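S.K.: Provided herewith is a single structure, encoded as structure tokens, for subsequent inquiry.
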Amino acid sequence: MAGAAAKRTVATGATGAIVVYGIPNCDTVKKARVWLEQHGVEFEFHDFRKAGVSAPLVKGWLKDVSLDSLLNRRGTTWRGLADDVKASAESEAGAIALMIEKPSVIKRPVVVVDGRVKTLGFSAENYAALFD
């Protein structure tokens, strides 16, 4: 977008708060942030490697998405874990503890609108449907 172009805020309810959770050097997070910026969607970025995540935050996300969706079992962080650590993530409590300790096992980005997870990962089509 051109610098003089007006930003538009998505109608998201009372607070209109959009938070993108992720890691800045993740390619998928980069794509999501660029798409949002190019489409004038105002959002806050939460770097969960630096700022972390908490048990209440993750539990809140699990009200909107399944544990299997949120826990990224395909990434390099997961593949590098010891088998006993992977096994501990089979329970919700163990998975939450792992996500707090190693947030890079969380599928990213996590896009939260008004406190609710709206999407995981990035798809231009999904973002267009959600924000345009």
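The values are calculated or read from the model by the stated rules, or taken from the named source; none is laboratory data. It should be emphasised that the depicted structure is a prediction, and the values quoted were computed from it without experimental measurement. Because the Cβ atoms are built from the backbone with ideal geometry, glycine has one as well, and the counts that use them run over all protein chains shown.
S.K.: Within segment 53-77, can you find the residues that are assigned to a loop (DSSP other than H, G, I, E, B), without any contact (Cβ under 8 Å) to a residue 12 or more places away in the chain and among the hydroxyl-bearing types (S, T, Y)?
M.R.: S66
S.K.: Could you tell me which residue of segment 78-132 is surrounded by the most Cβ atoms within 10 Å (Cβ to Cβ), considering only residues that are in contact (Cβ under 8 Å) with a residue 60 or more places away in the chain and in a loop (DSSP other than H, G, I, E, B)?
M.R.: P109
S.K.: So in segment 21-52, with the set limited to residues that are surrounded by 13 or more Cβ atoms within 10 Å (Cβ to Cβ), in a loop (DSSP other than H, G, I, E, B) and of a type in the set (D, E, K, R), which one is modelled with the highest pLDDT?
M.R.: The residue in question is E42.
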